[in-house]
Amino acid sequence: MAREISNCEYNVHKQLVKRMQFLWHAERYAKESRKDRHAKCSAMWGKIVANEKKNVALLQEAVKRDSA
């Protein structure tokens, strides 16, 4: 029998998907700005990517915790 998931679990999964999609785009923007030799833009996207990776890691920890 399937287990019903809580609102928290649903929200965590939904946000993980959204943030992974955003991270994919942001990494591409960072790559493009490096290619264009736009140092300020590249630095900005680098910071955004680093922060988003932290958020993704937190959400992934929550998924692992909830699935145990």
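Since every read-out is calculated from the coordinates, none of them should be taken as a lab result. What you are looking at is a predicted structure, and each value in this text was computed from that prediction instead of being measured. Backbone-built Cβ (ideal geometry, glycine too); neighbour counts: all protein chains shown.
Miscellaneous remarks
- Ranked 24, 45, criterion: other C-beta atoms within 10 Å, fewest first: 24, 45
- Unit charges on C-beta of K, R, D, E only; dipole of the stretch 8-67, Debye: 280
- Ratio of Rg to Rh over the stretch 8-67 (Cα coordinates, Kirkwood Rh, two decimals): 1.12
- Across the chain, the relative contact order, built from alpha-carbon pairs under 8 Å that are at least six residues apart, equals 42 percent.
- Helix 39-67 axis versus longest C-alpha principal axis of the chain: approximately 10°, rounded to the nearest ten.
- Estimated 222 nm signal from helices in the chain, with DSSP H stretches of n ≥ 4 weighted -39500 (n - 2.57), rounded to 500: -30500 deg cm²/dmol
- Cα long-axis angle, helix 7-35 against the chain (0 to 90 degrees, to the nearest 10): 10
- Loop-located GluC sites (Glu not before Pro) in the stretch 1-31 (DSSP state other than H, G, I, E, B) with a sparse environment of at most 10 neighbouring Cβ atoms within 10 Å: 4.
- Site-free segments of the chain were taken between trypsin sites (Lys or Arg not before Pro) in DSSP loops having at most 16 other Cβ atoms within 10 Å, sites themselves excluded; the longest one is 4-36.
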